[in-house]
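The values are calculated or read from the model by the stated rules, or taken from the named source; none is laboratory data. Everything numeric here is computed off the predicted structure, so don't read it as measured data. Heavy atoms of the whole protein, side chains included, go into the accessibility calculation; ligands, DNA and RNA do not. Shrake-Rupley method; radii C 1.70, N 1.55, O 1.52, S 1.80 Å.
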Amino acid sequence: QVQLVESGGGLVQSGGSLRLSCTFSTAMFSIWDMSWYRQVPGKQRELVATVPRTSSTIYADSVKGRFTITRHSTNNTLVLQMNSLKPAATAVYSCHAAYVGTTSWGHGTQVPVSS
């Protein structure tokens, strides 16, 4: 079972930046499609950004130009750099990994953005 552990969440002011990290427990990091999702209580979970193992990154329209997703094979880490944060970005952010029908989720990290 792959384990994902997120870190880096916390309170940030509107317009500020935050860097989320997701540590991946296996050395086979490069074969997985990796993504960040977010969820607000009472709403559906939404895709923020994804970096597939063999194709280009994809971003939600609401974060394009402000968020950057990168994967680092040297230390099995997925990073989400979030700039120019808005209060609407307030959510629990979760890391997700997928490979040939197998998926795994982290527990999530909270990101409250104050106005």
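Specify the inter-centroid distance of the range 1-17 and the range 59-103, based on alpha-carbon positions, in whole Å.
Using only Cα atoms to place each centre, the spacing works out to 9 Å.
Could you compute how fast the range 24-64 diffuses translationally, taking Rh as the Kirkwood radius over C-alpha pairs and applying Stokes-Einstein at 10 °C with viscosity 1.306 mPa s? Give it in µm² per second.
Numbers: Rh = 11.6 Å.
Calculated translational D: 137 µm²/s.
Out of the total accessible area of the chain (probe 1.4 Å, heavy atoms of protein only), what percent is carbon and sulfur? Could you put the intermediate results ahead of the total?
Working: 3090 of 6270 Å².
Carbon and sulfur atoms account for 49 percent of the accessible area of the chain.
Rounded to two decimals, what is the ratio between the C-alpha radius of gyration of the range 55-111 and 2.2 N^0.38 Å? Don't skip to the end; give the middle numbers.
Values: Rg = 12.7 Å, N = 57, 2.2 N^0.38 = 10.2 Å.
Cα Rg divided by the expected 2.2 N^0.38 Å: 1.24.
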